[in-house]
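For reference, the structure is listed below as structure tokens.
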Amino acid sequence: MIHQLLSLSTIVGILATAVRLTTPFLLAALGEMFAQRSGIYNLGVEGVMMMGAFGGFWVALVTGSAWLGILAAMGIGALMGLLMAFISVTMQAEQGISGIGLYMFGWGLAGFLFRLTVGYITSIDGFKPIAIPLLSDIPVLGTVLFDHNWMVYFALLMVPITWVILFKTTWGLKVRAVGVTPEAADTLGVSVARVRYTCVIIGSVMAGLAGAFLTLGHTNMYADNITAGRGFIAVALVYFGRWNPWGILGGAFLFSFVDALQLWIQVLGLNIPYEFAVMTPYVLTILALALVAGRIWEPAALGRPFDREGG
Amino acid sequence: MGKQSPGMKLLVLTGAVVGALLIGALLLLMAGANPLVAYKAMLLGPFSSRYGITETLVKTTPLILVALGIVIAFRSGTLNIGAEGQMMIGALAGSAFALAFPSLPGIILLPATLLVSFAAGALWGGIPGWLKAYLNVNEILSTIMLNAIAAQFVTYMLRGPLIDPKEVSYGTGFPQTAQIAKAAWLPRLLPRTRLHWGIILALVLAGLVYIFLWRTSLGYKMRTVGAQKEASRYGGVRVERMMVLAMLLSGGFAGLAGMVEVLGIHHRLMDGISGGYGFSGIVVALFGQLHPLGVIPAAILFGALMLGADMMQRAVSVPAAIVFTIQGLVVLFVVGSDIFIRRPGFAARIFKRFKTPPRPVPDEGGAQ
């Protein structure tokens with residue numbers, strides 16, 4: 001069975017799948033990174049992704065335009081981000097629990113709306129791969145890296161872009177300051193609430209996109225629980241990547257590689273119970289968290305509500 | 001927990017449920033159902049018949065058990081989101097044990113099966129507890145991952161090693177175990193209903209957890225870890241041990257809840273036995289103000305809501321996922337309005353802000 005996995009075409013297939021599957025992890029985790037850098041821990045990513053996946057799918061199904069689906073997913077993400085920001089910033093709620101509430105709300109609502117509007121498995125015209133001229137002709141590497149749909153390239157480009165925003169702009173400095181010492185940032189005239197609202201909404205819009213990728217850029221259909229815990233894994237990736245886009249890229253690729261491997265194990269029908277294959281990313285998440293935990297820096301004000309007017 | 005009077009707490013909690021139900025009404029309208037008809041079925045159904053009352057208590061039973069575990073964990077400063085997985089693992093181990101020793105007399109088999117399920121749930125909860133205490137691994141994430149792992153593992157066991165031999169010989173292959181020996185069943189409390197002794201067990205355990213947390217020194221230590229971790233360390237409490245113990249107990253209660261469902265109702269293990277109780281238990285624990293006795297009325301309320309939602313679905317036929325959605329809204333409303341309980345002046349402050357223009361930024365002498 002091992003030789004099946006080791007043939008060149010299989011390896012290329014696994015790697016290409018892995019690069020494609022990096023997209024939802026990257027989009028959701030880079031977005032969550034902004035929220036957490038500003039001090040808000042949004043555990044509801046999974047729920048936002050489900051809503052993004054459904055919203056994107058449904059709009060694309062009704063209008064025939066995957067691009068309108070993308071807009072819808074972003075809009076839904078923004079609204080859910082606004083809700084999370086209101087509860088965790090304005091109402092200063094315990095963020096772990098409110099995130100779980102947002103997850104339950106989004107997950108349930110997506111399932112509810114799907115039953116209501118469509119109710120059966122049907123496929124849509126998703127985004128087609130765009131082979132990049134010349135680069136995609138390179139043997140092996142071309143297939144692995146340069147023959148994907150635009151969302152894959154977009155997610156990869158977001159890594160340097162978010163890095164520049166976070167570390168090379170004034171706004172990025174404000175975000176980092178608000179996440180470490182909101183009191184000091186406030187004294188210097190930075191609106192902690194505005195920065196946190198913005199970051200949570202950005203993160204949620206990206207989570208909506210990550211969900212839309214699953215329906216518009218990956219499976220071209222919607223199914224119950226299509227996100228399969230990827231939203232929660234994305235939150236873990238932010239820890240694993242130490243709140244840094246490059247670290248998150250590394251972690252995202254590791255996870256999507258395992259994800260791709262388990263898909264191919266199922267495709268090839270290898271003699272491993274499929275439940276164990278499906279389990280691997282979750283086991284890996286726990287191992288990864290255990291590996292990096294204990295000696296990591298984290299934004300000092302993460303999870304701590306800020307009240308400008310004191311108690 | 002808060003500084004407000006019980007009356008104010010009740011008001012805020014009622015407001016939270018009403019708020020969630022109002023948004024739920026919008027969803028019902030979208031589904032083309034009449035919210036008044038739906039909510040009438042939901043609110044009156046559970047209390048208007050023998051069937052309604054007993055079925056409410058049937059749903060209350062696992063909710064109390066799960067919520068008790070969550071109260072212990074939350075009070076000790078650990079957010080256990082893994083009850084769903086702990087239930088499944090507890091039910092799996094207990095069922096495997098009961099199936100392995102079918103000829104034991106019931107008086108031994110029943111308590112032993114429950115103990116095995118408690119131990120297995122405790123193990124599944126203890127892993128994230130240990131990881132948090134000694135490696136600082138975020139327990140919310142690890143418990144969610146363990147939920148997913150447990151679901152896959154149980155499915156594997158039900159399709160493979162533990163499948164009912166009859167399912168194999170008939171060729172149906174439905175993933176469930178064989179029926180557990182009758183001696184191990186939890187007896188029914190009332191004839192011709194599904195209400196079983198599990199509810200008595202749950203009520204007794206709620207009292208015991210209250211005594212444990214508030215009347216024993218071990219329980220006191222665990223609560224100080226939850227309230228003031230570093231201070232309790234200075235006070236000589238072994239913080240890490242308390243955190244692990246809290247998660248062991250928390251998982252144990254969830255495991256027990258799973259087994260009680262099996263022994264009281266289904267009499268065999270099948271997929272989906274946790275039925276979302278793991279998440280609903282969180283809602284119940286929060287709603288019961290993280291108090292073991294507060295959990296009881298909260299569990300009855302949510303048991304009624306869950307049953308009522310089933311009845312509502314049949315009355316106006318809307319998708320089942322609406323229940324999970326409304327529960328999510330309840331969580332959001334409860335944690336979102338908690339500040340009114342924590343900070344008596346908060347409501348007045350917001351109100352004032354709407355009436356007067358925003359406070360100008362105080363000029364404190366410019367740059368230093």
| What does the helix-only formula give at 222 nm for chain B: each DSSP H stretch with n ≥ 4 adding -39500 (n - 2.57), the total divided by the residues, and the result rounded to the nearest 500 deg cm²/dmol? | -23500 deg cm²/dmol
| Which residues' amide hydrogens lie under 5 Å from the amide hydrogen of residue A:148, considering only partners 5 or more residues apart or on another chain, with H built in the peptide plane? | A:130, A:132
| request: Convert each backbone phi in segment B:204-216 into a coupling constant with the Karplus relation 6.51 cos²θ - 1.76 cosθ + 1.60 (shift: θ = phi - 60°), then list the ³J(HN,Hα) values in order as whole Hz, x for Gly and Pro. | output: 4, 5, 4, x, 5, 5, 4, 4, 4, 6, 10, 10, 10
| query | So what are the ³J(HN,Hα) numbers for segment B:153-168, from phi and the Karplus equation (6.51, -1.76, 1.60; θ = phi - 60°), rounded to whole Hz, Gly and Pro as x? | reply | 5, 5, 4, 4, 5, 6, 7, x, x, 9, 5, 4, x, 5, 4, 6
| note | In this structure, the FRET efficiency calculated for residue B:49 and residue B:220 from their beta-carbon separation, with R0 = 60 Å, to the nearest 0.05, is 0.85
| message | Going by Cα centres, segment B:155-178 and segment B:186-248 are how many Å apart? | response | 36 Å
| remark: Residue by residue through segment B:301-315, the couplings from Karplus 6.51 cos²θ - 1.76 cosθ + 1.60 with θ = phi - 60°, in Hz, x for Gly and Pro, are 4, 6, x, 5, 4, 5, 5, x, 5, 4, 5, 4, 4, 5, 5
| Exercise: per-residue mean of other protein chain Cβ atoms within 10 Å, B:131-144 | 6
| request: Return the whole-Å distance between the Cα centroid of segment B:76-141 and the Cα centroid of segment A:271-295. | output: 20 Å
| said: Averaged over its residues, how many other protein chain Cβ atoms are within 10 Å of peptide A:105-118's Cβ atoms? | reply: 6
| query | Going by average Cβ neighbours within 10 Å, how do the peptides B:33-39, A:149-155, A:206-212 rank, with the highest at the top? | reply | A:206-212, A:149-155, B:33-39
| query | Going by how many other beta carbons lie within 10 Å of each one, how would you line up B:296, B:163, fewest first? | reply | B:163, B:296
| query | Using alpha carbons only, how many degrees (0 to 90, rounded to 10) separate the axis of helix A:95-117 from the longest principal axis of chain A? | reply | 50 degrees
| task | Grab the beta carbon distance between residue B:26 and residue B:228, set R0 = 56 Å, and tell me the FRET efficiency rounded to 0.05. | result | 0.85
| said: Could you work out [θ]222 nm for chain A from helices alone, using -39500 (n - 2.57) per DSSP H run of at least four and dividing by all its residues? Round to the nearest 500 deg cm²/dmol. | reply: -23000 deg cm²/dmol
| When ranked by the protection proxy of mean other Cβ atoms within 10 Å per residue, highest first, what sequence do the peptides A:81-88, A:27-34, B:58-65, B:20-27 form? | A:27-34, B:58-65, A:81-88, B:20-27
| remark: Between residue A:242 and residues 5 or more places away or on another chain, the pairs with built amide H atoms under 5 Å apart involve none
| remark: Mean other chain Cβ within 10 Å across A:85-98 is 5
| Distant-in-sequence amide H partners of residue B:176 (H built 1.01 Å from N, under 5 Å) | B:164
| request: Would you mind counting up the charge near residue B:113? Only other residues with Cβ under 15 Å from its Cβ, with Lys and Arg at +1 and Asp and Glu at -1. | output: +1
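Coordinate-derived values only; no laboratory data. Since we're looking at a predicted model, the values are computed, not measured. When we count neighbours, we look across all protein chains shown, and the Cβ atoms used for this are built from the backbone with ideal geometry, even at glycine.
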